[in-house]
Amino acid sequence: MREYLLTILIAAVVAYLLTPAVRRFAVWFGAQAKVRDRDVHVIPTPRLGGLAMFGGMVAAVVVATGLPEMRKVLEDGDVSVGKALLLSGGLITLLGVADDRWELDPLTKFAGQVAAAGIFIMQGIQLYVIPLPNGESLSLPPTYGVPLTVLIVVATINAVNFIDGLDGLAAGVVGIAALALFSYAYLLSYTNKLTTLTGATLTAAVLVGICAGFLPHNFNPARIFMGDTGSMLIGLLLSASTIMLTGQFDPAFLGASGLFPFYVPLLLVPAVALVPFMDMLLAVWRRTNQGRSPFSPDKQHLHHRLLELGHSHRRAVLIMYFWVSLLAACLVGVSFTNSVVLVASVTGLVAIAGLTAMIGVPRMAARRAERRALESAPQPRTRQPV
């Protein structure tokens, strides 16, 4: 655990310290987000924050190669984790820089995302097995494993890109998802007396660190945006951790916990990324129904609707954090307890409380604002009797 904590710390510190320099470079380079009708920021804001996140990732991987136990993970003969992260992450970062500066067309970005997935496959990060309900594993030949791997990588990258619409939203949501993956992988390995040093856990740890380091600069009011450089990079790392976790644990070792933990890698990311995935699907359906391109922008995303309900910018982001954390905690909790009813009951109660607060808080704030306005309004002067 100490090596993982050091990796997270290095990634966070480097990303945090690099962000101000990247911000100045983005201004000089001309990579600034202009104010558009669909945006919520009111002044031009530098992009390219993903460069700082990539720097944090590189630093964490380099440090990990110097740690005695972690080096064994990075030098695994079957999967070249370090090389895969550096090569694929470098490609997607360059693609993001070009897009943040010159706004590439969707087809070019899609081709770059597929190429990044191809690098993963060449370095051994690929879906090889899928768990079956009978407790066995179904081996996937390259004919099926390769396209499924590409699908997961591209879908995850674009889901994260779609949710990157409010200050701190994408970094926080992906950071929570990565923390859930890290906790699941580490605790399940530790509980079943398996090795806790795996490429999936290391990738999740790096992702937690770079999101934590960048978030202070990106939370409302944001001084810099991660841009497509950052959203595509963290989506790429999230997909890598998920793919490597799938099929990592042998069902024979999980007999005491049942088969549910075997399916968690397939469920965890879709669950914690339910908000961005649902937002992405709704956006595609909405735009195609209107005869527009699925990639054409609009101002009808879920976070825009939260603002319309009366929530402040920060409160809308915290609401999204709340739901992602609740879903992640529910899945991880079910993996480590036999009382599914207890976990479901607690999750349901917390969800009801969250819904009540989400609907009631804006109304209470509006009533308070009305009351303050009435109290501060000048009172009509009454004539005194002669």
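Note on the range 81-189: with neighbouring protein chains present and a 1.4 Å probe, carbon and sulfur make up 71 percent of its accessible heavy-atom surface. Can you tell me the length gained on complete extension of the stretch residue 103 to residue 292, counting 0.36 nm per residue apart and subtracting the Cα distance? Here the answer is 66.2 nm. Accessible surface for residue 279 stands near 0 Å², nearest 10, in the context of the full protein assembly shown (1.4 Å probe). A 1.4 Å probe run over the range 203-247, with the rest of the protein chains in place, finds 16 Å² accessible per residue.
Highest mean packing first, where packing is the average number of other Cβ atoms within 10 Å per residue, the peptides 150-161, 206-217, 173-184 line up as 206-217, 173-184, 150-161. Taking all protein chains together and a 1.4 Å probe, the residues 28, 102 rank 28, 102 from largest to smallest accessible area. Accessible-area rank, largest first, for 278, 122: 122, 278, with all protein chains present and a 1.4 angstrom probe. Maximal additional length on extending the residue 21-residue 143 stretch stands at 39.5 nm, based on 0.36 nm per residue less the C-alpha distance.
Across 109, 72, the residue with the most accessible area heads the list, and the full order at a 1.4 Å probe is 72, 109.
Using a Förster distance of 45 angstrom, determine the FRET efficiency expected from the C-beta separation of residue 115 and residue 1, and round it to 0.05.
Using R0 = 45 Å, I get an efficiency of 0.80.
For residue 33, the residues whose modelled amide H falls within less than 5 Å of its own, excluding neighbours fewer than 5 places apart on the same chain, are 45, 47.
The values are calculated or read from the model by the stated rules, or taken from the named source; none is laboratory data. All values reported here derive from a predicted model rather than from experimental measurement. All Cβ positions, even for glycine, are placed from backbone atoms using ideal geometry, and neighbour counts span all protein chains on display. SASA here: full protein model, heavy atoms, side chains in, ligands and nucleic acids out. Shrake-Rupley method; radii C 1.70, N 1.55, O 1.52, S 1.80 Å.
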